1. Students often forget the sequence filter, so: which lysines lie under 24 Å Cα-Cα from LYS73 once same-chain residues fewer than 8 apart are removed?
2. Quick check: the angle from helix 111-121's long axis to the longest principal axis of the chain, C-alpha only, nearest 10 degrees?
3. Going through region 88-174, which trypsin sites (Lys or Arg not before Pro) have at most 13 other Cβ atoms within 10 Å and a DSSP loop state?
4. Considering Cα pairs under 8 angstrom that are at least six residues apart, work out the relative contact order of the chain and quote it in whole percent.
5. Take the Cα atoms of region 19-82, find their three principal axes, and give me the spread along each one in whole Å, biggest first.
6. Would you calculate the separation in nanometres between label points at ASP65 and ASP32, each defined as 7 Å from the Cα along the Cα-to-beta-carbon direction?
7. What's the extension gain from ASP179 to HIS100 if we count 0.36 nm per residue and subtract their Cα-Cα distance?
8. LEU86 to VAL55: FRET efficiency via 1/(1 + (r/R0)^6), r the Cβ-Cβ distance, R0 41 Å, to the nearest 0.05?
Amino acid sequence: MAEIRAFLFDLDGTLVDTRESNYLAYRDAFLDAGYDLTREVFATTWGKDSREFIVDLLPRATPADVLRIRNRKAEVYEAHLPQSRLNTGLVELVRHARDHVRTALVTTAKRLNVEQTLRTHGIAHLFEVIVNGDDVIRPKPHPEAYLLALQTLRLDASQGLAFEDSGPGVAAAAAAGLDVVKVDFDA
């Protein structure tokens with residue numbers, strides 16, 4: 001077995017519980033577009049990329065509608081970030097681990113929302129590499145984001161360990177060849 005030289009962390013649901021923040025921001029964006037988004041329906045989308053779940057929820061949505069909803073969500077997201085919660089135990093692991101291994105943040109959330117979340121919780125400095133949804137074409141469960149992070153770190157998958165909370169995230173990390181620690185934020 002290769003020596004672990006990097007920890008790769010997902011953001012939403014892993015390092016920061018952003019479910020409420022995301023729900024409220026998407027609720028606002030859907031309302032602005034004339035649609036109602038309930039908590040129950042939004043709960044079925046967790047871990048999926050908005051480019052996919054908006055179309056799943058609104059089959060008649062045009063690409064322009066999807067873009068409009070995604071952009072509006074990004075605009076209002078920061079106002080809802082006080083509703084998010086930091087996974088303090090995992091963040092402490094990152095703080096201590098970065099003296100011994102390299103650290104990367106691997107998410108397919110939009111860059112603006114990632115920056116807002118990291119700024120709100122003061123954790124951007126913990127990561128040597130940050131890959132976000134604006135850096136890749138294919139969202140999780142595709143491994144593209146993890147492969148890009150490994151390439152940027154110049155490491156082989158056997159040298160990394162991923163931390164993920166969702167099925168699509170676990171699938172993406174595993175497809176990239178990484179071992180994965182499944183994080184249950186509320187456990």
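1. Leaving aside lysines fewer than 8 places away in the same chain, those within reach of LYS73 are LYS48, LYS110, LYS140.
2. So the helix axis and the longest Cα principal axis differ by about 70 degrees.
3. Taking region 88-174 and a limit of 13 other Cβ atoms within 10 Å, the loop trypsin sites (Lys or Arg not before Pro) found are ARG154.
4. Taking the mean separation of contacting Cα pairs over the length of the chain, I get 30 percent.
5. Each principal axis gives a Cα extent; for region 19-82 these are 33, 22, 19 Å.
6. So the two model labels end up 1.7 nm from each other.
7. Result: 26.6 nm gained on full extension.
8. Working: r = 31 Å, r/R0 = 0.77.
After rounding, the FRET efficiency stands at 0.85.
Quick note: the coordinates plus some simple rules give every number you see, no bench work behind them. Note that this is a predicted model, so its numbers are computed, not measured. Virtual Cβ from ideal backbone geometry, glycine too; neighbours counted across all protein chains shown.
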